[in-house]
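Here the structure comes first, spelled out in structure tokens, and everything after it is commentary.
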């Protein structure tokens, strides 16, 4: 049986998320989980899901579980907040235990798989910066079952990734998009990704500093990845699935 359109009450009350249904009359064949960056909320990624308007795809924008310091707005995927005293920058990599409990257990396993009937292969993740790190860690820790894919924009693997997640490479395909200059995703970070995943594709955007896609050239590899990995039930016999 195919998965059904998720509802908010399919997820535990402590999970904040928004659900964008597929374009009108199309079946909810795929799930795309959207993970915002450090200090943001899920509102901007709710809009992203609406703009993507992917065929037969439900977009679920999830909000990170932890707040920021004092009067700083937004939310954080890390287990702690550490500020570099010399630069004033907030460290993106402070462990993701709480985020993994939420993403893997409450959203993916309990909500999407157990309640809504989706298979792991039908679930994809797209995350930006710290959200990309959380998405990659979720895929690496997912019992070596294959998710539909992970797209990380400006985010690499956390140093806190459990060793068991590196003992057998994940079959989940990964696309990493990074700036050609001054990216947080270093060549060393790419090497670590290759230790954890069987299939890695890296796209260098011609810019300085990581950021969300801003033109057709940057968007093209993402749309090509979607085209390879999203499933379709439109125009094929009942019970059949084909790659779009």
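So here's what we get for this one:
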{"read-out": "Taking 13, 152 and counting other C-beta atoms within 10 Å, the order from fewest to most", "value": "13, 152"}
{"read-out": "Segment 107-244: C-alpha gyration tensor shape, a/c 1.5 cut-off, then a/b vs b/c", "value": "oblate"}
{"read-out": "Helix 130-141 axis, angle to the chain major axis (alpha carbon atoms, nearest 10°)", "value": "60"}
{"read-out": "Among beta bridges that DSSP assigns inside the chain, antiparallel share in %, nearest 5", "value": "25"}
{"read-out": "Rounded tilt (10° steps) of 216-229 against the dominant C-alpha axis of the chain", "value": "50"}
{"read-out": "Exposure proxy order (Cβ contacts within 10 Å, fewest to most) of 197, 128", "value": "197, 128"}
{"read-out": "Choice from 143, 210, 89 with maximal GNM fluctuation in the chain (Cα, 10 Å cutoff)", "value": "89"}
{"read-out": "Cα pair distances of segment 1-65 binned at 5 Å [whole percent]", "value": "4, 20, 27, 24, 16, 7, 2, 0"}
{"read-out": "Of 97, 206, 192, the one that fluctuates the most in a GNM where the chain has Cα springs shorter than 10 Å", "value": "206"}
{"read-out": "In degrees, nearest ten, helix 187-196 long axis to first principal axis of the chain (Cα)", "value": "40"}
{"read-out": "Antiparallel bridge percentage (DSSP; both residues within segment 1-141; nearest 5)", "value": "40"}
{"read-out": "Helix-only CD estimate at 222 nm, as mean residue ellipticity for the chain, using -39500 (n - 2.57) per DSSP H run (n ≥ 4)", "value": "-6000 deg cm²/dmol"}
{"read-out": "Rule-of-thumb Rg ratio for segment 61-166 [Cα; 2.2 N^0.38 Å; N residues]", "value": "1.10"}
{"read-out": "Cα centroid separation - segment 91-119 against segment 133-149, whole Å", "value": "10"}
{"read-out": "Pair-distance profile P(r), taking every C-alpha pair of segment 8-232, with 10 angstrom steps and integer %", "value": "8, 36, 40, 15, 1, 0"}
{"read-out": "Length released on extending from residue 223 to residue 5, taking residue separation times 0.36 nm less the Cα-Cα span", "value": "76.2 nm"}
{"read-out": "Computed P(r) (all Cα pairs; segment 1-117; 10 Å bins; percent)", "value": "14, 40, 30, 12, 3, 0"}
{"read-out": "Cβ-Cβ FRET estimate between residue 199 and residue 98, R0 fixed at 22 Å, reported to 0.05", "value": "0.20"}
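FYI, it's all coordinate maths here, none of it is from the lab. No experiment lies behind these values; they were computed from the predicted model shown. Neighbour counts are summed over all protein chains in view; Cβ atoms, including those assigned to glycine, are modelled from backbone coordinates with ideal geometry.
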